[in-house]
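Taken together, the values in this text are just the output of simple stated rules run on the coordinates, not laboratory data. Worth saying up front: this structure is predicted, and the values here are computed from it rather than measured. Cβ placement follows ideal geometry from the backbone for every residue including glycine, while neighbour counts extend to all protein chains displayed.
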Amino acid sequence: MAAAKKGRRAPASQGHPGRTLILVLIAMAALVGGMFYSGTLTPRLGIDLAGGTSFTLAAQNQPGKPNAINETNMNTAAGIMERRVNGLGVTESEVQTQGSNHIIVNIPKGTDAKQARQQVGTTAQLGFRPVLTTGPGAKAPEPSPSPSKSGKGGEKATGGKGSSQQSGSPTPTASATTQGRAVTDALKKPSATPSASASDKPSVPPTPPVPGGADVPPALQKQFAALDCSTKTSLAKANEQAAAAKPSDPVVACKDDGTQKYVLGPVGVEGTDVKDAKAVFDSQQGQGWIVQMDFTSDGGKKFADVTGKLAAKTQPQNQFAIVLDGAVVSDPRVSERLNGGNATISGGFTQQSAEDLGNMLSYGALPLSFKIDDETTVTAALGGEQLQAGLIAGAIGLALVVIYLVAYYRGLALVALASLGVSAVLTYTIMTLLGPAIGFALNLPAVCGAIVAIGITADSFIVYFERIRDEIREGRTLRPAVERGWPRARRTILVSDFVSFLAAAVLFIVTVGKVQGFAFTLGLTTLLDVVVVFLFTKPLMTLLARRKFFHDGHSWSGLDPQRLGARPPLRRRRTAPTQTKEA
């Protein structure tokens, strides 16, 4: 009998609502503290609310492709640029074609314009070329194209965890480390130094992946001697010429920081053989920020063949150059054949440079080359009056919700208003912190999404309150009503929020631009609604049910049994057991 009574009391279990409320308050304090710590106290605004920078890019035909400028390639290029500058779709950058050969890129205020300019204009043509010879980046006083033995040799390519690992110096800065492990004994055996004089073989062998003799033709000898990588102008010109060369031809090229220059053989592995690339922080081996690349199945085989041939040579011909848009970003040396279909570029990367390189390689090469015709600062597309009108509309909607709650639910309106306040604080702080974290920018459609969320959150409170009132109408007191009404209200709230979140997710996936901002905000606020109702509204209602004002059903509590038309409590009649009389 005692067990049965205990089982009937189970639904009224109160738990520890105070602890849950304290955890919510700690989370709110941490988010607000994070805002002040980062120095970001307001959300980033989109270009329609704050203005920004506009680029006009003109398409140019590539060598050997006179008819490359067409509608298909322009739309493809615009899509790649949009993914580069818009990332997750929440930075509110805009990319659109204009006419037959122009693309307009608008980025909101607060975005790094220089970085965006590099991202939208870089074609990301990647190639892996064997190094024939190398030397200092400054122009040589007289031709001396023989392979240099003065290379630092610190850059290396090694295998790791079943994958190919290239450890080099690929950063676009000059601070990359040059220290590495020593060359293996197998690579130290004496070998004849290839001669590069004009009296030797005057031509390069047919275009194998790795030239066997590493001989440099006279024309490249002169170009190598005359090549100057020490100034920005000469470096840009050299990169442009190297990028225009055919993959099957040897070229002269510069290091991206201008400190080295190279004679490079034909491309052994093309950038299209790279399936994916991403920036990762390596804390295990202490390499800092690295870029991990995954090759396709064919690309992995090509890479293994190239490294296998390079491993049999001596420095610098055991090095291969990773060439991005004509500039050498890394020149690791190889001591063994590298299998596995993936590779790691490392050596002095910063987080930003690693993310930029991985971003460009991940989103692929542009089908066209572009030059920036114009760069202007644009004002907000929507004036202060439009923004003010939107905020006024939101305030009016919120005021109507508050009036309804107070008039209909009376004291329960305090619970709803407190929950709305917690939801507002969480939404504002998270949106503010997402600005520097993922580039989130708040535009007018996103503001509309936040306003719609007010109705979604208020609907969750109403569902719960009505369940509690239904239990009171059945003749139960407040504390059991709070606990018995919660399971049914919980199911309804979860189903409703799941439908809203599903709609937001579909919108985010199938749309672009401003609609993505609306969908992101709607999905975020829907998730926060679940958090607030479960971790704040329910525990707060449990605590208030113990207060006399609510427990006794005060006329202004919103839970007065008489106003709700409650029925008298149901009582079971006890009947004496019937005794059978014997005849």
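Taking a straight Cα-Cα cut-off under 20 Å and skipping sequence neighbours fewer than 8 places away in the same chain, the aspartates and glutamates within cross-link reach of LYS538 are ASP459, GLU466, ASP470, GLU471, GLU483, ASP497, ASP529, ASP552, ASP560. Each peptide among 427-440, 311-324 gets the average number of other Cβ atoms lying within 10 Å of its residues, and from highest to lowest they stand as 311-324, 427-440. Around the amide H of THR133, modelled in the peptide plane, lie the amide H atoms of VAL263, all under 5 Å away and 5 or more residues distant in sequence or on another chain. The H on the amide N of PHE295, modeled in the peptide plane, is under 5 Å from the matching H of LYS275, ASN342, ALA343, each at least 5 residues off or on a different chain. Fully extending the segment from ASP459 to ASN101, taken as 0.36 nm per residue of separation minus the present Cα-Cα distance, adds 123.9 nm. A simple rule links phi to the HN-Hα coupling: the Karplus curve 6.51 cos²θ - 1.76 cosθ + 1.60 with θ = phi - 60°, which for the stretch 94-103 gives 10, 10, 8, 7, 9, x, 9, 9, 10, 10 Hz, with x for Gly and Pro.
In whole percents, the pair-distance distribution calculated for the stretch 298-348 from its alpha-carbon pairs, binned every 5 Å from zero, is 5, 21, 25, 28, 18, 3.
The 3J(HN,Hα) values that the Karplus relation (6.51, -1.76, 1.60; θ = phi - 60°) gives for the stretch 516-524 are, in residue order, 5, x, 4, 5, 4, 5, 5, x, 4 Hz. Gly and Pro appear as x.
For the peptides 491-499, 522-530, 350-358, the ranking by mean Cβ contacts within 10 Å, running from highest to lowest, is 522-530, 350-358, 491-499. Between ALA407 and ALA395, residue separation times 0.36 nm minus the direct Cα-Cα distance comes to 2.5 nm.
In this structure, the residue pairs whose Cα-Cα separation is over 26 Å, taken from LYS261/LYS301; LYS232/LYS371; LYS275/LYS309; LYS114/LYS139; LYS237/LYS302, are LYS261/LYS301; LYS114/LYS139; LYS237/LYS302.
Less than 5 angstrom separates the built amide H of GLY348 from those of THR177, all sequence-distant by 5 or more or on a different chain. Couplings for the stretch 480-491, taken from phi via the Karplus curve 6.51 cos²θ - 1.76 cosθ + 1.60 with θ = phi - 60°, read x, 5, 4, 7, 6, x, 5, x, 5, 5, 4, 4 Hz in order; Gly and Pro are left as x. The label point for ALA505 and the one for LYS237, both projected 7 Å from the Cα toward the Cβ, are 5.6 nm apart.
Residue ranges 408-417, 41-50 sort as 41-50, 408-417 when ordered by packing (mean number of other C-beta atoms within 10 Å per residue, highest first).
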